[in-house]
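These notes are about the structure you will find just below.
The values are calculated or read from the model by the stated rules, or taken from the named source; none is laboratory data. Please read all numbers here as calculations on a predicted model, not as lab measurements. For neighbour counting, all protein chains shown are included, and Cβ atoms are generated from backbone atoms with ideal geometry for every residue, glycine included. The protein model used for the area step is the full one, side chains on, heavy atoms only, and it has no ligands, DNA or RNA in it. Shrake-Rupley method; radii C 1.70, N 1.55, O 1.52, S 1.80 Å.
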Amino acid sequence: MELSPRVVAVEPLPDMELRLRFADGSEGLVRLAERLRPLRGMTLPLGDPDFFRQVTIDHEAGTVTWPNGVDLDPDVLYALAHGRNLTDR
């Protein structure tokens with residue numbers, strides 16, 4: 001799998017979903033609730049809707065991050081947003 005475009009815009013949605021736009025202009029929706037359950041450790045705060053909405057973009061890494069340091073692999077986000085199988089590499 002070639003390197004994926006980086007995240008350039010993020011919009012937090014209800015139910016732990018993110019609408020993402022990537023550097024290649026594509027967009028997609030990522031549903032994190034089923035991927036991060038059970039919430040524990042550093043991901044526990046993401047279950048709080050107010051905290052979840054604090055998501056920002058780390059432009060250097062090209063991914064999304066939260067104030068507690070949780071960040072997600074941009075290649076995984078791209079695959080999820082585009083309906084690709086994560087094992088296809």
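Worth pointing out:
- Options Leu86, Leu46, Leu80; residue that is over 11 Å from the mean Cα position of the chain (by Cα), aliphatic (A, V, I, L, M) and within 16 Å of Pro5 (Cα to Cα): Leu86
- Filtering Gly69, Gly25 for residues that are at positive phi, exposed (fewer than 11 other Cβ atoms within 10 Å of the Cβ) and in contact (Cβ under 8 Å) with a residue 24 or more places away in the chain leaves a single hit, Gly69.
- When Arg35, Arg40 are checked against the criterion of being of a type outside the set (S, T, N, Q), open to solvent by 90 Å² or more (accessible area, probe 1.4 Å), in contact (Cβ under 8 Å) with a residue 24 or more places away in the chain and over 15 Å from Val10 (Cα atoms), a single residue qualifies: Arg35.
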